[in-house]
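The structure follows.
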Amino acid sequence: MRTFSLASIALAATMALLLPIDSEAAMSKKQQKLYPPKDQLADVNSPQVKEWLKLINWSKVPKLAKTKAEIPNCPECPATKDIPKDACWWTCNGCVAKDDIEVCPQEKAWGLTYDDGPSEDTPRLLKKLKQANVTSTFFVVGSRVLEYPETLHQQIKDGHHIGLHTWSHAGMTSLTNEQIVAEIKWAEKIVFDVTGLKTKYWRPPYGDVDNRVREIARQLGYITVIWTKEWDSNDWQIPDKTITNKEVFRNFKWALSTVPKLKGGVITLEHDLFTQTVNVAGPLLDMGMKKGLEPMDIARCLSDPHPYQNSLVAKKPAPPPAKKPAPPPAKKPVPPAPAKPVEAPPKADSAPKEPKAKEPSEAADISKQSQRPSGAAQVAWSAGMALAFVAASAFFTL
Ligand SMILES: *[C@@H]1O[C@H](CO)[C@@H](O)[C@H](O)[C@H]1NC(C)=O
Ligand SMILES: *[C@@H]1O[C@H](CO)[C@@H](O)[C@H](O)[C@H]1NC(C)=O
Ligand SMILES: [Zn+2]
């Protein structure tokens, strides 16, 4: 009987520890209310945002005017002469700041990135990536994480790298300083609540970034990741029917033909928001690998052993990205651009406006993690569960 009891205690304790992680629980309305409404700019007067605003030293943030846009769309590009030089606006004149990430430094290294998810099609992509033994960076939208927290868990579990793609996917240069902070921090918060990870890399929606936006992101601890000129897959146009799968493949084939001439690696832009874009992701991956590119997440392509702001220890060993290091890459291979970004049309990045609005009920999954009470509470809860089991098994053995 004693042995039985001890076994019961062990079992009970184990179950109690596991339960909060394994129980399927839907996100309650109340929990959803902890975040801003989906796909909308957050209230910048909320106590939470006010707290975040204190993180910024505003005297360092360039006083640039907001650009004009129909939020959340990508801003319209004015005539080049009307763009302040000191704005260094990537979307509209291709200007790159010295700490922007546009390429992977190593030859043949392929920074694989998927934006705008997670979506109901993401698991299919994860399966493909697993088969290929490849990790990528997912630049997630906070509003989508609210809908698919489980998928975010799976992504981490599979070794992928998570970056931010804001809360509501608005063009950042068209927002106020306060809205920019809220867009980044709310997305950061939901990713943290779900995974415990504080993101460190972000991609501005549409690549829409200028020196005002950059400085705010920088002060929040972020590294800005764009993509390599000519390596936007344009997959986002397939659902719009402005491009066919065939054209996407043909364009990518052309880009691949330039690889032998490249000084370093590349970063591609793809999306995991739509069925159609996930449909082309597999073939594109195969094409690139066949040409000798080595796909990898952005942290690995940059040999960053700390892919998150709160990762004190490297999550996984980051093997050297490519066999042959390129000659110490000029940090920015791409010179200040011509008037028009050849590869980055203003709408280069799909806006998650109409996509797949979910019924509230369907949207309600939440990860156990996000539900999980914080440290002490969880321990107390687990202990309580263990006691309950012990009591129950004691009763049984009597
Ligand atoms: C804010 O930035 C300015 C300009 O760089 C600097 O002089 C000042 O000390 C900073 N303030 C704080 C509180 O860090
Ligand atoms: C998978 O990729 C990792 C890292 O690139 C490598 O170390 C490992 O050997 C690969 N495994 C297989 C089965 O190919
Ligand atoms: Zn996007």
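Quick one: is His161 within 27 Å of Val49 (Cα to Cα), in contact with an Asp or Glu (Cβ under 9 Å, 6 or more places away or on another chain), assigned by TED's automatic domain parsing to the domain that holds Asn57 and within 16 Å of ligand 2 (Cβ to nearest atom)?
Yes: the conditions hold for His161.
Still on this structure, I have one more. Six or more apart or on different chains, Cβ atoms under 7 Å: show the pairs whose first residue is in region 162-189 and at pLDDT 95 or above and whose second is within 16 Å of ligand 2 (Cβ to nearest atom).
Pairs that qualify, where the first residue is at pLDDT 95 or above and the partner is within 16 Å of ligand 2 (Cβ to nearest atom), are Gly163/Thr137; Gly163/Ile298.
Say whether the condition of being modelled with pLDDT of 95 or more and within 16 Å of ligand 2 (Cβ to nearest atom) is met by at least one residue in region 258-274.
Looking through region 258-274, at least one residue is modelled with pLDDT of 95 or more and within 16 Å of ligand 2 (Cβ to nearest atom).
Now for a different question. Of the residues Lys50, Lys63, only one is away from ligand 2 (no atom under 16 Å from the Cβ) and not in a loop (DSSP other than H, G, I, E, B); which?
Selected residue: Lys50, the only one of Lys50, Lys63 that is away from ligand 2 (no atom under 16 Å from the Cβ) and not in a loop (DSSP other than H, G, I, E, B).
Then there is this: Which condition number in (1) within 21 Å of Gly282 (Cα to Cα); (2) without any contact (Cβ under 8 Å) to a residue 24 or more places away in the chain; (3) not hydrophobic (A, V, I, L, M, F, W, C) is the one that Asp116 fails?
Result: Asp116 passes all but (2).
Can you name the residue in region 123-142 that is of a type in the set (S, T, N, Q) and surrounded by fewer than 24 Cβ atoms within 10 Å (Cβ to Cβ) and, of all such residues, is farthest from ligand 2 (Cβ to nearest atom)?
Here the residue is Gln131.
Any residue in region 241-255 that is in a strand (DSSP E or B) and away from ligand 3 (no atom under 16 Å from the Cβ)?
Checking region 241-255: not a single residue is in a strand (DSSP E or B) and away from ligand 3 (no atom under 16 Å from the Cβ).
Look through Val49, Val96 and report the one residue that is at pLDDT 95 or above, within 15 Å of Thr228 (Cα to Cα) and not basic (Lys, Arg).
Val96
Among the listed residues Thr224, Thr277, identify the single one that is surrounded by 15 or more Cβ atoms within 10 Å (Cβ to Cβ), in a strand (DSSP E or B) and away from ligand 1 (no atom under 16 Å from the Cβ).
None of the other options fit; the residue is Thr224.
Residue under question is Lys81, and the condition is that it be part of a loop (DSSP other than H, G, I, E, B) and not aromatic (Phe, Trp, Tyr); does it hold?
no
Consider Gly282 carefully, then state whether it is in the same structural domain as Pro105 (by TED's automatic domain parsing), modelled with pLDDT of 95 or more and at positive phi.
Answer is no for this residue.
Mind checking which residues of region 107-122 are under 26 Å from Ser303 (Cβ atoms) and either in contact with a strand residue (DSSP E or B) (Cβ under 7 Å, 6 or more places away or on another chain) or surrounded by 24 or more Cβ atoms within 10 Å (Cβ to Cβ) (or both)?
Once the filter is applied, which keeps residues that are under 26 Å from Ser303 (Cβ atoms) and either in contact with a strand residue (DSSP E or B) (Cβ under 7 Å, 6 or more places away or on another chain) or surrounded by 24 or more Cβ atoms within 10 Å (Cβ to Cβ) (or both), region 107-122 yields Lys108, Ala109, Trp110, Gly111, Leu112, Thr113, Tyr114, Asp115, Gly117.
The values are calculated or read from the model by the stated rules, or taken from the named source; none is laboratory data. What you see is a predicted model; the values in this text were computed from it and never measured. All Cβ positions, glycine included, derive from the backbone under ideal geometry; neighbour counts span all protein chains shown.
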